[in-house]
1. Could you check segment 242-283 and list, in sequence order, the residues that are closer than 22 Å to H71 by Cα, among the hydrophobic types (A, V, I, L, M, F, W, C) and free of Cβ contacts under 8 Å to residues at least 40 places away in the same chain?
2. Let me confirm something: among A334, A287, which residue is hydrophobic (A, V, I, L, M, F, W, C), under 22 Å from S374 (Cβ atoms) and within 13 Å of ligand 2 (Cβ to nearest atom)?
3. Can you pull out every residue in segment 232-280 that is over 22 Å from the mean Cα position of the chain (by Cα), within 16 Å of ligand 2 (Cβ to nearest atom) and among the β-branched types (V, I, T)?
4. Could you count how many residues in segment 93-130 are within 12 Å of ligand 1 (Cβ to nearest atom) and in a helix (DSSP H, G or I)?
5. Which of the helices (runs of 4 or more DSSP H) found entirely inside segment 299-395 contain at least 3 residues meeting this: within 16 Å of ligand 1 (Cβ to nearest atom), of a type in the set (D, E) and touching a residue at least 40 places away in the same chain (Cβ under 8 Å)?
6. Only one of these conditions is not met by D105: (1) within 29 Å of V237 (Cβ to Cβ); (2) away from ligand 2 (no atom under 16 Å from the Cβ); (3) not aromatic (F, W, Y). Which number is it?
7. Which ones in segment 200-209 are within 14 Å of ligand 2 (Cβ to nearest atom) and either surrounded by fewer than 23 Cβ atoms within 10 Å (Cβ to Cβ) or in a helix (DSSP H, G or I) (or both)?
8. Considering each of L212, L196 in turn, give the residue that is within 20 Å of the chain's Cα centre (by Cα) and crowded, with 16+ Cβ neighbours inside 10 Å.
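Taken together, the values in this text are just the output of simple stated rules run on the coordinates, not laboratory data. Values in this document were obtained by computation on a predicted structure and should not be read as measured data. Note: ideal-geometry Cβ built from the backbone for every residue, glycine included; neighbour counts use all protein chains shown.
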Amino acid sequence: MAERKNFVLKGNICYSEDIHLLRTVEQGYLVCLEGKTEGVYKELPEQFKALPLTDWGDMLIIPGLVDLHIHAPQFSFRGLNMDLELLDWLNTNTFPEEAKYKDLDYAKKAYQIFADTMKKSATTRACIFATIHRPATELLMDLMEETGLKTMVGKVNMDRNSPDYYCEKSPKESERDTIEWLESVMSKYDNVTPILTPRFIPCCTDELMERLSRIQKKYRIPVQSHLSENKSEIHWVKELCPTSRFYGDAYDQFGLFGKPAKTVMAHCVYSTHEEIDLMEEQGVFIAHCPQSNTNLSSGIAPVRTYLERKMNIGLGTDVAGGSGESIFRAMVDAVSVSKLRWRLLDESLRPVTMEEAFYMGTLGGGAFFGKVGSFLKGYEFDALILDDSSLPHPQPLSLKERLERFIYLSDDRHIKGKFTEGSRIF
Ligand code: GUN
Ligand code: FE
């Protein structure tokens with residue numbers, strides 16, 4: 001029987017209508033019909049008065065948060081070994097850990113912790129990297145399905161420049177595994193869909209990229225990868241792909257860089273003008289991962305430039321480059337690092353504001369999933385119920401101030417309810 005997804009929530013409602021407009025409604029009514037937002041009202045219209053209503057008192061109600069970039073198998077070593085830069089960090093920490101997911105018992109233990117944590121978090125949508133292993137990737141998808149979160153999960157493709165014990169043996173083998181994986185998962189789930197996941201150019205031969213490009217066209221699935229994260233990485237891509245004009249061009253040569261393929265690229269710290277132009281033209285989404293870019297000493301992305309150009313941009317945690325799964329924390333970090341960039345590097349690019357960070361963590365990233373990340377009419381009903389009563393303050397605060405403070409001060413204990421597409425997660 002179809003679940004009833006028609007109801008009203010009452011509370012203090014905050015959401016982005018667009019990047020410059022954070023709308024707040026005190027003691028408002030949020031109407032959900034068939035899993036979609038019908039509207040936000042100061043007074044409940046007559047025609048909705050028969051719907052079941054939950055009064056959340058003085059709590060805040062906001063859209064669910066979107067993590068555009070996270071590595072599930074790296075959750076096991078979050079907060080460990082943060083003293084290396086990207087390429088050494090991959091070889092020393094990441095590849096040895098990801099190789100363990102060949103063992104399904106290990107994968108089950110590790111991925112259960114990941115799924116349980118994500119369920120309790122403020123995240124309602126995520127783009128997730130798994131590993132090269134098909135069985136463990138399907139296990140992760142099974143576990144994510146049970147959480148009720150709406151996620152895209154990718155079996156990683158990589159056939160060069162990693163140790164033998166964690167490298168697909170040939171482009172053909174990688175292609176075969178990917179097709180078998182897709183055939184198995186394409187229509188298996190309500191909440192989880194596959195996303196094509198070439199790790200990054202240094203780990204993917206041209207032949208593999210060509211095969212993945214054919215797969216993308218046949219199955220019409222979205223694409224996720226990494227782009228212009230670290231200076232040594234970018235230098236290496238130039239050596240590996242002498243004919244590409246810039247890093248993103250190495251994806252574009254295979255049609256894996258935006259239109260018609262829906263694509264999200266993590267980082268974009270050092271994207272050149274040409275690369276930015278092409279991302280804009282082809283609608284490539286940027287997953288801004290400020291904590292990872294700090295931990296791995298990668299740098300600070302020019303987010304102001306991306307926002308001014310109205311490019312597609314959201315936030316990512318990039319666990320374990322980032323040490324935690326909190327997108328609230330990513331919002332704070334996005335603001336903080338932008339101030340350092342402005343002060344130390346380029347005074348022409350103003351710091352990111354809290355409204356802009358909130359937009360990126362909700363509506364900005366949500367657009368990768370469709371009409372997601374806002375309470376505008378017709379948007380999929382993803383919502384969080386937030387209780388700031390244990391974060392007391394002596395002075396009166398506006399709703400906007402309470403939201404800002406919540407972003408800085410809260411943790412998962414302050415989340416009292418969570419919905420995706422009108423279904424209650426907890
Ligand atoms: N580039 C290629 N692989 C990775 C990864 O696992 N994490 C990050 N941050 N960058 C990458
Ligand atoms: Fe990453």
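1. F257, the sole residue that qualifies.
2. On the way: A334 fails: within 13 Å of ligand 2 (Cβ to nearest atom).
Sole residue among the options that is hydrophobic (A, V, I, L, M, F, W, C), under 22 Å from S374 (Cβ atoms) and within 13 Å of ligand 2 (Cβ to nearest atom): A287.
3. Answer for segment 232-280, where residues must be over 22 Å from the mean Cα position of the chain (by Cα), within 16 Å of ligand 2 (Cβ to nearest atom) and among the β-branched types (V, I, T): I234, V237.
4. 5
5. Details: elements: 303-308, 327-344, 354-359.
In segment 299-395, no matching helices (runs of 4 or more DSSP H) lie anywhere.
6. Exception for D105: condition (1).
7. Within segment 200-209, the subset within 14 Å of ligand 2 (Cβ to nearest atom) is 200-203.
Result: I201, P202, C203.
8. Numbers: L212 fails: within 20 Å of the chain's Cα centre (by Cα).
Result: L196 is the single residue among L212, L196 that is within 20 Å of the chain's Cα centre (by Cα) and crowded, with 16+ Cβ neighbours inside 10 Å.
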